[in-house]
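Just so it is clear, none of the values below were taken in a lab; they were calculated from the coordinates. Please read all numbers here as calculations on a predicted model, not as lab measurements. We place every Cβ from the backbone using ideal geometry, glycine too, and count neighbours over all the protein chains shown.
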Amino acid sequence: MNTRTLTTVAAALAATLALGASGCSGGRDGEDSARDGRGSAENPATANNGAVVGGAPEKGGTLTVLSNTDFTHLDPARNWVMGDMDFGTRLLYRTLVTYKAAPGAEGGELVPDLAEDLGAPSNGAKTWTFRLKKGLKYEDGTAITAQDIKYNVERSFSPDLPGGPDYAARYLAGAEGYQGPAHGKHLDSVKTPDDRTIVFELRKPFAEFAYATVLPTFAPVPKAQDKGPQYDNRPFSSGPYKIESYARDKRLVLVRNTHWDPATDQVRKAHPDRIVVTMGLKGNQIDDRLIASSGADASAVSWGKMRPESTPKVLTKADVRARLLAESSNCTEMVQMHTGRTPFDDVRVRQAVQYALDREAIVTASGGPALNDAATALMPGSLFDGKQPDTLKIPLTGDAAKAKELLKQAGKPDGFATSITVSNGDKGVGEAIQQALGRAGIKVTIETVDPSAFYDTIGDTENRTDLVYTGWCPDYPSGSTFLPFVFDGRYIKEKGNSGNHSLFRDKPTMQRMDEIAAMTDAQQANQAWQQLDGEILAKAPTAPAVIERMPLLLGANIAGAYGHTSFGGQIDYATVGLKDPAKSAG
Amino acid sequence: MAATLSSTSLPAGSGPWQLARAELRRRTSVKISLSVVALFVFMAAAAPLLSALGGWSPDEFDKSAVDPYLGGLPIGPFGGISADHWLGVEPVTGRDLFARVVHGAQVSLFIAFAATAIVVTAGTAAGVTAGYFGGRTDAVLSRLMDLTMSFPSLIFMIAMLSVAKDVNRILLMTVVIGLFGWPGIARVVRGQTLSLKHREYVDAARVAGAGPWRILSRDILPGVAGPVIAYTTLIIPGMIATEAALSYLGVGVRPPTPSWGQMIAESVAFYDTDPMYFILPSSCLFLTVLAFTLLGDALRDILDPRGSRI
Amino acid sequence: MILYLGRRLLGVVGVLIAIAAVTFTIFYVLPADPAAAACGKSCSADRLAAIRAHMGLDQPVWRQFADFVTGIFTGRTIGSGQYTLHCEFPCLGYSYENSQAVWDLLMDRLPVSASLAFGAAALWLGLGLSAGVTAALRKDTLADRVLMVGAVAAASLPVYFTSVLLIYGLIRATGLLPYPQYVPLGSDPVQWASNLLLPWLALAILYAAMYARQSRSSMIETMAEPYIRTARAKGLPRRTVVVKHGLRAGMTPVLTIFGMDLGGLLAGAVITESIFGLPGVGRLFYGALSSGDQPVILGVTLLAATFIVLANLAVDLLYAVVDPRVRY
């Protein structure tokens, strides 16, 4: 649920692992759901998983998106939040490569977008060449050029434009210390021999570079349109829609970009004529409107997760339940402890937290068992052939006596006081944690932070609280996209830290990670990651809590909708449309 | 009011306080609101005792009382009212609502009363000083009153509460709420003092050589007591509502501490799925505010019939 | 009159500077690291560096404050070196969170808050005053009792409670009104009004109740004044006495409160806007709170104070028109 997690590009194996069939979301995958025992047959919320809801959409009409919040960034150089990337790259700008528009596991497959293919590696995968399709145009009819993509990659380095993915900075040769194109300086490692060819020179061989080019960083921005930080308010369109008006935090209206040529685009269907995003609505009111689904609301979808309070109103009515998407977010939420500070530098104290935690209460606070699964391991089930193992065998409701005993051994028989940071929406979870740890004598103060500021707050390693409640999502089924991001001490940053919020710096763990990363046999590496997961769990840097779904309500007139597995379960905006466009308010 | 007073048969020569008490006793609205206030004050004072009687502490989860598959809705009718949970339970957590409502009363009423005490003390002191000494003192204090009243108080309170971290929330809320209320009462007292300070008995005391301190405490303060009492009762509901509003906006008490405002804020989301949860703290707040308003109205009619309002 | 006006305007400026000083102290002097505080919760190292340069923390505090105040009247260039930023008149600071001048943010939201405030005010004045005056003229009748019991009950209902009842009654259960969604007055007046009706009602019920109580007691007092009795004795019709003499004098205390209330609401009804999801100043303020956007918090506070002070001034001037006893 770390929204910043993305298409992390990692070593090897995407292909061999057959991308997905993630156990907890595998509604259509009979074999998998039978194995994990949590399949769609038992869960009323997941009946739609892996399927397209509402049938095939008709062209035209207005699609309304009801949102409680504004987008963090729509500037392609700064857009690095799951849902925002879905919205931006599916509607407003195209990237070199993108994900297939399909429900379920197929959504993890790459397809060419601006490029003609998935890129041609050479020089031992250190050089990547992409060739653009013919006839690509911006919203004003001018041609999209390779230089424009290079320009956006360069501007993503600009200190004025923070927030975006840093993959270009990590992988491009000669990128150290580069500050963007402001003073006429350019990156020599990105070459554009002609208007339709772009070549990337990397620091080291990187076989999966195509995954990185899905990121908005690799979308075109024409230099003439760049307005620095203001570009965020009006990105220039290369996709099927352009911005008619954008009042921050209020309303975004998209209309068709008539210069977009569907013949060049095999992903985006662009069914609606207009897309209107209304922001700043109350979460509960959004749910109520979509449950009622009357008038223009029938042609609306929700942007944010359905509120847990709305669960009874949805799950008890078959007709409403049929309009619920609940694709697994595939992210493990954890209580992460600051292992660098007392008392959490003591493994017994951390184990006490693992034992004291009441995961059943956390599941209830997150919306109940229909929308969450209690976590028993660090990596989600999809990385364990469908089901997480339970190596610690702690009862779901916790074991306060054992926790007390551990605290006693650690020299804290009377417990201690500490604090936890949770995102605003997770206040209920915070209280469940507070209550559970309180049973063992750990007195917890809850700090709630606005979602927009959450990751920056917990990323400040010096000033943050001892405990934080957050998670991580693998980007495709490989342990290499999970454990190294959450438990490798070498990736810790003093400010803007992400992933490793337990600040876990364990030498044997890091050593083992390097060993596994060097393995060539995918199967062997996979098993090694699974084993390492249990070893790390025993050292207790975090206490895994739940694996959440992304519950999204649809109006009755919505067609072609599914939660996209590669965008954290957000609706795929490339294909969503209306059953009857005439019914939507123009 | 003179007409109504004469209808009660009191012995001639009864003091003003006796008269007031008799008049108060006569009104039904006063009797009802007094008993409501007494009930809630008792609830607040005896909160730990009462919740022990109910068998639940306000922070204790009861998972057996909620249905996790329905987003944590209470099991049973009317928000899970049962022999075990007298007023039902909070959705999701299953915390006992009776325990939370009485502890919430404690927090809400404590903040309201303490803030009122600050306001009344500061306001009376400022008002008497400004009125009695006049001149430059009066000018300075009056300017200060104008200035304080020009502050957008709710916005300012929210801002101050959000800037200050790691302090005792209840104490901080009390002080912040108290900070903006005093000019109202200061103006009333100032006006009253102005009219009192040239009465014959005050002049007589002055001529007899009494110092200003003695005159203030012996002659002026008893004279302003009536309006101050009436006014105090009338600002308490405002204080309760302000506490609730701040907690509602999330800058009030911290979880798991309950207060009525916090409870209402949490329960709004459940108003249609678990109406009892929403109605309970809301009606407590409503009844308390209503009772204090009615009581204040009556006291003002009796103690301050000419209405020395601002 | 002109002299009076000049004196009052000077006073207004004085009060605003005093309020600015207090607010400035709270946000810029008291925090351990004012730059970090202004940077908010989502603070990047680059932004922090820029803010440090902008705030001129090496300058003495009085100098920083003087710059801030001058900026309000003339606009200013914030910072030095590569981190310059021009903030035009009237400069209330710069929101790093939104990459926008605070003034522009406020002006963007103000129409929403103003629509809410003026609409609600019209409603509550109409409802509250007519109820109050009716009750006063029929003192101690059944009508009076019913109105006043209703008023005291309505005044005891918190706005978030009324709002929920209204949402349920007028939207969920009956579908009479749409879920509020701000539509600018200029683009579609009918939509504007029908979308705002619910928040107007929610606010107006509370205020109307308070105004009914206030105007009733004030009317009763006025009607007992000797000059009213004289007018009646002269044989003027009751209607004329009430309208020409009673209302004018009786409404002055109400006017005072009205100035304060309207001024406060113009700068955002925080609770109402957040309940109904209206993108006004109040919600801007609420959002700034959770992201720690202190320049915006400071700006909203100053805006609110300005409205209150100006509304008070307007009310004092109106006195001369309404109440024949007041002359400047």
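Computed values, structure above
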| item | result |
| --- | --- |
| Across A:Lys313/A:Lys583; A:Lys137/A:Lys242; A:Lys282/A:Lys427, pairs whose alpha-carbon gap is larger than 23 Å | A:Lys313/A:Lys583 |
| Helix-only mean residue ellipticity at 222 nm for the protein assembly as shown, each DSSP H run of n ≥ 4 adding -39500 (n - 2.57), per residue, nearest 500 | -14500 deg cm²/dmol |
| Debye-sum result for region C:220-297 in log10 I(q)/I(0), which assumes one identical scatterer on each alpha carbon, at q = 0.16, 0.19 Å⁻¹ | -0.66, -0.79 |
| Rg/Rg_ref, region B:219-267, where Rg_ref = 2.2 N^0.38 Å and atoms are Cα | 1.65 |
| Low-density loop cleavage sites - trypsin sites (Lys or Arg not before Pro) in region C:189-259, where at most 15 other Cβ are within 10 Å (DSSP) | C:Lys234 |
| Cut-off under 5 Å, modelled amide H: who pairs with C:Tyr94 long-range | C:Val102 |
| Per residue Cα convex hull volume in Å³ - calculated over the protein assembly as shown | 196 Å³ |
| Fraction of the pair-distance distribution of region A:279-437 above 21 Å, Cα-Cα pairs, percent | 56 percent |
| Cross-link reach list, lysines versus A:Lys204, counting only Cα pairs under 22 Å and skipping chain neighbours closer than eight places | A:Lys126, A:Lys150, A:Lys191 |
| P(r) histogram, all alpha-carbon pairs of chain C included - 20 Å bins from 0, percent | 26, 48, 23, 3 |
| Label-to-label distance, nm, for residues given as B:Leu53 and B:Gln18 (7 Å Cα→Cβ offset) | 3.7 nm |
| Region A:377-424 - convex hull of alpha carbons, volume per residue in Å³ | 143 Å³ |
| Computed magnitude of the charge dipole of the protein assembly as shown (debye, nearest 20; Cβ of K, R +1, Cβ of D, E -1) | 4620 debye |
| Potential extension, A:Thr342-A:Ala401 segment - 0.36 nm per residue separation minus Cα distance | 19.0 nm |
| Separation in nanometres of the label points that stand 7 Å from Cα toward Cβ, at A:Lys134 and B:Ser82 | 7.4 nm |
| Region A:141-204: trypsin sites (Lys or Arg not before Pro) falling in loop per DSSP and having at most 15 other Cβ within 10 Å | A:Lys185, A:Arg203 |
| Sequence-distant residues sharing a close amide H with B:Asp67 (under 5 Å, placed H) | B:Gly72, B:Leu73, B:Ile75 |
| Modelled FRET efficiency - R0 41 Å, C:Ala193 with C:Val321, Cβ distances, 0.05 increments | 0.90 |
| Two-site label geometry, A:Asp195 and A:Gln531: point separation in nm, points 7 Å out along Cα→Cβ | 5.7 nm |
| Stokes-Einstein translational diffusion, chain B - Kirkwood Rh over all Cα pairs, 0.890 mPa s, 25 °C, in µm²/s | 113 µm²/s |
| Region B:79-165: trypsin sites (Lys or Arg not before Pro) in DSSP coil with no more than 11 other Cβ atoms inside 10 Å | B:Lys165 |
| Largest-first principal axis extents, alpha carbons of chain A, Å | 71, 56, 43 |
| Residue mean of other protein chain beta carbons inside 10 Å, C:151-164 | 6 |
| 10 Å Cβ neighbours from other chains, averaged over peptide A:362-368 | 5 |
| Nearby lysines by direct alpha-carbon distance to C:Lys234 (threshold 30 angstrom, same-chain neighbours under 8 apart not counted) | C:Lys139, C:Lys244 |
| Max mean-square fluctuation residue, GNM over chain B, Cα-Cα springs under 10 Å, options B:Val119, B:Val89, B:Val268 | B:Val268 |
| Rule-of-thumb Rg ratio for region B:167-219 [Cα; 2.2 N^0.38 Å; N residues] | 1.72 |
| Cross-link reach list, lysines versus A:Lys539, counting only Cα pairs under 27 Å and skipping chain neighbours closer than eight places | A:Lys387, A:Lys393, A:Lys402, A:Lys404, A:Lys408, A:Lys412, A:Lys443, A:Lys493, A:Lys495, A:Lys507 |
| For C:273-280, mean number of other protein chain Cβ atoms within 10 Å | 5 |
| Nearest-20 debye value, chain C charge dipole, Cβ charges on Lys, Arg, Asp, Glu | 1620 debye |
| Per-selection Rg to Rh, region A:235-366 - Cα, Kirkwood hydrodynamic radius | 1.13 |
| Three semi-axes of the equivalent ellipsoid, region A:428-573, Cα gyration tensor, whole Å, largest first | 28, 26, 15 |
| Region C:238-289: relative contact order as a whole-number percent, Cα under 8 Å and 6+ apart | 22 percent |
| Likely footprinting exposure, A:Met334, A:Met306, B:Met276, fewest C-beta neighbours within 10 Å first | B:Met276, A:Met334, A:Met306 |
| Debye-sum result for region B:5-129 in log10 I(q)/I(0), which assumes one identical scatterer on each alpha carbon, at q = 0.09, 0.18, 0.21 Å⁻¹ | -0.47, -0.98, -1.11 |
| Mean Cβ count within 10 Å, highest first, over the residues of peptides B:215-224, C:188-197 | B:215-224, C:188-197 |
| Potential lengthening between A:Arg234 and A:Thr445 on full extension [0.36 nm per residue; Cα-Cα distance subtracted] | 71.8 nm |
| For region C:260-272, Karplus couplings with θ = phi - 60° (6.51, -1.76, 1.60), whole Hz, Gly/Pro x | 4, 5, 5, x, x, 6, 4, 8, x, 8, 4, 5, 4 |
| Semi-axis lengths (Å, descending) of the ellipsoid that matches the C-alpha gyration tensor of region A:145-271 | 26, 19, 14 |
| Size-normalised alpha-carbon gyration radius of region A:485-554, reference 2.2 N^0.38 Å | 1.33 |
